[in-house]
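Structure, as structure tokens:
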Amino acid sequence: MDALTSIREETLKKLGGASNEAEIEQLRVQVLGRKGELTAILRSMGQLSPGERPAFGQKVNALREEIEGALTQKSAAIESAQKGARIKAETLDISAPGEALPAGAAHPLMSTMEKIVKTFVNMGFRVEEGPEIELDHFNFELLNIPKNHPARDAQDTLYFSENILLRTHTSPVQARTMLGQKPPIRIICPGRVYRADELDLTHSPAFIQCEGLVVDEGITMADLKGTLAVFAREVFGESVQVRFRPSFFPFTEPSAEVDVSCPACGGSGENCRVCKGTGWVEVLGSGMVNPRVLELCGIDSTKYTGFAFGIGVERAAMLKYNVPDMRLFYENDSRFLAQFSKGRL
Ligand code: DAH
């Protein structure tokens, strides 16, 4: 067997066994490369007689072309086999059942707040917002809460500095609104507020309030009562009763705390943990805007009167959904939350 035949057979045999691009490349270098077997033979042609050279040269070139063709073919075959394997592995089985994604739902605090806001918006109120980091001036001063008032105690209020604090209620939005707008004013301000309280069954250092304010000519306590009665029925149900109890807030005069008949026991009070047997639960503070607050906020108190209220949203949600512990709202345990998503979580 001559050298060319043996190179041919050896190369084709090795090529037959090659299984990847690297092996093919190695073979190419070994046979056709600058220092390859076939190249060496071509170089040795000088030893032949001039008459033999052309025929031999042709044979070498023919073999070179054959081997090149075989290498290219093999390489294409490997690539197509790899592609085929990958496509097979990536096949999408459209008949396989889909993975069900658990659907979320509005958090009970948010849905309670939305219900409250919607109720007032339907009565013509506009939504206002204010900063959570507030100045003493808006949180206390303009609301007729004097320097020595216990509400300013560091026990209750989280201070950044003497004049900057985390708002303790949404009432500063009242002051900001009155300073920036002329009556008639009819606003609702939902938002987070902060107090230096420990987290327990009924307290949290961060909670949500919803403030309301109406200022116009001829506004009376009757407007306050009618508006809040609509709120109570919309949020707690048609059959709920509303009770106004005299109270005190520096920014309202007169002031009233508003109770609703206990949604848990229907107002009977019998063995009821929620209302502690009284049949009533407090849901908000309210009153006629203190004329001094109107004046401090640039509104003529001889011409205008107003009413205001502040609803505790956690308290409202606890009553609405019969939740015994406020902490459940913040823990985000899906077993708790799923109860508000109609079983979809
Ligand atoms: N700001 C009061 C609080 O946080 C709630 C409140 C009471 C708001 C009476 C009012 C109001 O606007 O008129 O306890």
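The values are calculated or read from the model by the stated rules, or taken from the named source; none is laboratory data. Everything numeric in this text was worked out from a predicted model, so none of it was measured. Glycine gets a Cβ as well: all are built from the backbone with ideal geometry, and neighbour counts include every protein chain shown.
Restricting the search to the stretch 115-156, which residues are basic (Lys, Arg) and at pLDDT 95 or above?
Step one: of the stretch 115-156, the residues basic (Lys, Arg) are 115, 118, 126, 147, 152.
Once the filter is applied, which keeps residues that are basic (Lys, Arg) and at pLDDT 95 or above, the stretch 115-156 yields LYS115, LYS118, ARG126.
Can you pull out every residue in the stretch 187-196 that is under 13 Å from VAL117 (Cβ atoms) and away from the ligand (no atom under 12 Å from the Cβ)?
PRO190
Every residue, every condition in (1) in contact (Cβ under 8 Å) with a residue 60 or more places away in the chain; (2) surrounded by 11 or more Cβ atoms within 10 Å (Cβ to Cβ); (3) touching a Cys at 6+ places or on another chain (Cβ under 6 Å), yes or no:
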position: LYS35; (1), (2), (3): no, no, no
position: ILE41; (1), (2), (3): no, yes, no
position: SER49; (1), (2), (3): no, no, no
position: GLU52; (1), (2), (3): no, yes, no
position: ALA62; (1), (2), (3): no, yes, no
position: ILE78; (1), (2), (3): yes, yes, no
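State all residues of the stretch 199-225 that are within 16 Å of the ligand (Cβ to nearest atom) and closer than 21 Å to LEU319 by Cα; if no residue qualifies, say none.
Answer for the stretch 199-225, where residues must be within 16 Å of the ligand (Cβ to nearest atom) and closer than 21 Å to LEU319 by Cα: THR202, HIS203, SER204, PRO205, ALA206, PHE207, ILE208, GLN209, CYS210, GLU211, GLY212, LYS225.
Please indicate, with yes or no, whether at least one residue in the stretch 257-264 is within 13 Å of the ligand (Cβ to nearest atom), more than 20 Å from ASN122 (Cβ to Cβ), polar (S, T, N, Q) and touching a residue at least 12 places away in the same chain (Cβ under 8 Å).
No, the stretch 257-264 has no match at all.
Taking interchain pairs and intrachain pairs at least six residues apart, which have beta carbon atoms under 7 angstrom, with the first residue in the stretch 134-150 and at positive phi and the second of a type outside the set (A, V, I, L, M) and assigned to a loop (DSSP other than H, G, I, E, B)?
Listed by first residue and then by second, the contacts come to ASN144/PRO250; ASN144/PHE251; ASN144/ASN290.
Quick check: is even one residue across the stretch 309-324 assigned to a strand (DSSP E or B), at pLDDT 95 or above, crowded, with 19+ Cβ neighbours inside 10 Å and β-branched (Val, Ile, Thr)?
Within the stretch 309-324, one or more residues are assigned to a strand (DSSP E or B), at pLDDT 95 or above, crowded, with 19+ Cβ neighbours inside 10 Å and β-branched (Val, Ile, Thr).
What residue, of THR112, THR72, is surrounded by 15 or more Cβ atoms within 10 Å (Cβ to Cβ), in a helix (DSSP H, G or I) and hydroxyl-bearing (Ser, Thr, Tyr)? Lay out the reasoning, then the answer.
On the way: THR72 fails: surrounded by 15 or more Cβ atoms within 10 Å (Cβ to Cβ).
Answer to the check: THR112.
I'd like to check something: does the stretch 174-183 contain any residue that is aliphatic (A, V, I, L, M) and more than 23 Å from THR302 (Cβ to Cβ)? Break it down stepwise before answering.
Going through the stretch 174-183, the residues aliphatic (A, V, I, L, M) turn out to be 175, 178-179.
Subset that is more than 23 Å from THR302 (Cβ to Cβ): none.
The answer is no, given that none of the residues of the stretch 174-183 is aliphatic (A, V, I, L, M) and more than 23 Å from THR302 (Cβ to Cβ).
Working only within the stretch 288-304, note down all residues that are more than 14 Å from the ligand (Cβ to nearest atom) and closer than 19 Å to PRO254 by Cβ.
Within the stretch 288-304, GLU295, LEU296, ILE299, SER301, THR302, TYR304 meet the criteria.
Going through the stretch 295-304 one residue at a time, which ones are more than 38 Å from the chain's Cα centre (by Cα) and within 12 Å of MET178 (Cβ to Cβ)?
Across the stretch 295-304, the qualifying residues are GLU295, LEU296, GLY298, ILE299, ASP300, SER301, TYR304.
Only residues in the stretch 1-14 that are farther than 17 Å from LEU42 by Cβ and assigned by TED's automatic domain parsing to the domain that holds VAL60 count as the first member; pair them with residues that are part of a loop (DSSP other than H, G, I, E, B) and of a type outside the set (S, T, N, Q), Cβ under 9 angstrom, at least 6 apart or cross-chain, and list the lot.
Filtered contacts from the stretch 1-14: GLU9/MET1.
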